[in-house]
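We did not get these values from a lab; they are worked out from the coordinates using the rules stated. What you see is a predicted model, and the numbers here were worked out from it, not measured in a lab. Every residue, glycine among them, receives a Cβ derived from its backbone with ideal geometry; neighbour counts consider all protein chains shown.
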Amino acid sequence: MENMTALKRFLSRRLPCHADVEDLLHDTYLKAISAERKASINKPTHFLYKVAKNAAINYKARAHHRLSESIENFDELNVLINERTHEFTADQDRQLSLFCEAVGRLPEKCREAFVLKKVYGLSHQEISQRMGIGISTVDKHVARGLRECRTRLRSAGYGLSPEG
C-alpha cells in the first residue's frame, strides 16, 4: 500500500492531467504482475517505478499526438495546407511547441480543464463532474486557457484572427 501512494505521487508529478493517474497506476500494476508471471523480478519496487515511468512516457506521447491532431483542427490557427514543405513542417512544429508550452504554463486546474476540453473533447458538464467544480468555473478555465494560448502564439508572430 505504501508503494501505491508513493507511485501515485510519482505519476502525478509526470502527468498534466491528474484524472488519468489512477488509470496509469492500474495499468502499471497489471503490467508488473504480468511481467512477474513470466520471469522473476529481482528488484520489484525499482521495476514498478520503471514500468510507471514508461507508462507516463507513453501517455504523454499519446496526449501529444492527440493535442497535435486537435491543433490541426483548431479553427483559430487558420493554417491552409497546400503543400507540405520542410519550412512549413518546421513552422508547424514551432507553433505546436509554443502552444504546448503555453498550455504547460497554465495553472494546474486551468490546464486540466483546458486539456479535457480541447484534447479529449469533453463537454463543460463532463469536465465539471470529473473535476468536481462548477460549470462556470470550467467556462472560466477554458476561456483563460484559450486566451493565454492565443496571446502566446500572437507574441511569437502567429497572427490569429482577433474575433476567435
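Report the calculated FRET efficiency for Ala39 and Asp91 (r = Cβ-Cβ distance, R0 = 41 Å), to the nearest 0.05.
On the way: r = 47 Å, r/R0 = 1.15.
With a Förster radius of 41 Å, E is 0.30.
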Spacing of the two label points (7 Å from each Cα toward its C-beta) at Arg152 and His46, in nm: 3.7
Spin-label model distance (nm) - Glu101 vs Thr5, 7 Å beyond Cα toward Cβ: 3.9
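For the pair Glu108 and Ser136, what calculated FRET efficiency results from E = 1/(1 + (r/R0)^6), where r is the Cβ-Cβ distance and R0 = 22 Å, to the nearest 0.05? Present the calculation step by step, with values, prior to reporting the outcome.
Working: r = 19 Å, r/R0 = 0.84.
The pair Ser136/Glu108 has a calculated efficiency of 0.75.
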